[in-house]
Amino acid sequence: MADIWLMRHGAYQGHRPGHHAPHDAALTQEGRDQVRRSLPLPNGITAIVTSPIPRARQTATLVSHLTGLPIVATSGLLAEWRAPSIVLGRTAETYPPAYRAWRARRLANPSLRCEDGESLTDLHTRARHCAAYLHHTAQRHGPLLAVSHTLLLGVLTHLPEGPAAFTTAARAPWQFAERRLFTVSRPAAPHRQIPAG
């Protein structure tokens with residue numbers, strides 16, 4: 001089985017602890033420098049896949065440019081947890097009451113959504129599909145680098161915890177441009193085709 005390496009994007013504009021980044025937040029110069037310092041990649045990687053969100057896509061494009069490796073796919077399965085619009089660009093001290101109420105109930109009811117946000121169950125289901133997608137893509141293209149976001153990566157690497165993996169991911173965020181070997185065992189094949197984008 002081909003190795004799959006997971007990587008978080010570099011630092012982005014407006015980042016602060018506990019910050020829910022707007023979708024269009026771009027890499028900063030420090031973020032680009034972090035990506036450069038993350039090289040060289042582990043031996044054997046032959047292809048890159050990425051989240052479509054700009055800070056991840058920019059990270060993948062820079063890695064591709066510096067290494068000559070192709071970006072073979074951009075997939076929404078690798079996108080960050082879809083936070084509700086009411087918290088985008090905010091930090092904990094400015095969260096609105098509806099989001100605070102959701103946070104208090106999310107583990108007891110992981111299928112609960114806050115407005116247009118993704119529930120913990122939704123995110124875990126997407127992460128399971130993402131794991132299958134990554135294994136399938138690695139079978140086709142060989143050892144892979146997948147560029148994504150801290151909460152999705154945290155859930156992806158703690159799939160056996162179920163929807164509660166979100167809490168683990170939030171407590172132990174990945175560093176910018178951090179890479180880890182994906183060691184969660186291959187999930188069972190899904191019953192339907194996994195969407196590529």
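Tabulated values for the structure
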{"item": "For the chain, built as a Gaussian network whose Cα springs stay under 10 Å, the top-fluctuating residue of T74, T167, T50", "result": "T167"}
{"item": "R0 of 41 Å, Cβ-Cβ distance E93-I71: FRET efficiency to nearest 0.05", "result": "0.65"}
{"item": "Kirkwood Rh (inverse of mean 1/r, distinct Cα pairs), the range 11-104, angstrom", "result": "14.9 Å"}
{"item": "Per-residue [θ]222 nm for the chain (sum of -39500 (n - 2.57) over DSSP H runs n ≥ 4, rounded to 500)", "result": "-10500 deg cm²/dmol"}
{"item": "Euclidean distance between Cα centres, the range 1-78 to the range 82-128, Å", "result": "24 Å"}
{"item": "Local electrostatic count at H65 - Lys and Arg +1, Asp and Glu -1, tallied over other residues with Cβ under 13 Å", "result": "+3"}
{"item": "Residue-normalised accessible area of the chain, given per residue in Å² at a 1.4 Å probe", "result": "47 Å²"}
{"item": "Dimensions (Å) - the range 99-191, Cα atoms, principal axes, largest first", "result": "44, 34, 22"}
{"item": "Phi-based couplings in Hz for the range 119-125 (Karplus 6.51, -1.76, 1.60; Gly and Pro marked x)", "result": "6, 5, 5, 4, 5, 5, 4"}
{"item": "Counting all C-alpha pairs of the chain, share separated by more than 23 Å (%)", "result": "41 percent"}
{"item": "DSSP-defined antiparallel bridges as percent of all bridges, the chain, nearest 5", "result": "25 percent"}
{"item": "Proximal charge balance of D24 [Cβ under 12 Å; K/R count +1, D/E count -1]", "result": "+2"}
{"item": "Rounded accessible area of W174 (nearest 10 Å², 1.4 Å probe)", "result": "10 Å²"}
{"item": "Distant alpha-carbon pairs in the range 61-146 (separation over 18 angstrom), percent", "result": "57 percent"}
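The values are calculated or read from the model by the stated rules, or taken from the named source; none is laboratory data. Just so it is clear, the structure is predicted and the values come from calculations on it, not from any experiment. With ideal geometry, Cβ positions are generated from the backbone for all residues, glycine too; neighbour counts draw on all protein chains shown. With ligands, DNA and RNA removed, areas are computed over all heavy atoms of the protein, side chains included. Shrake-Rupley method; radii C 1.70, N 1.55, O 1.52, S 1.80 Å.
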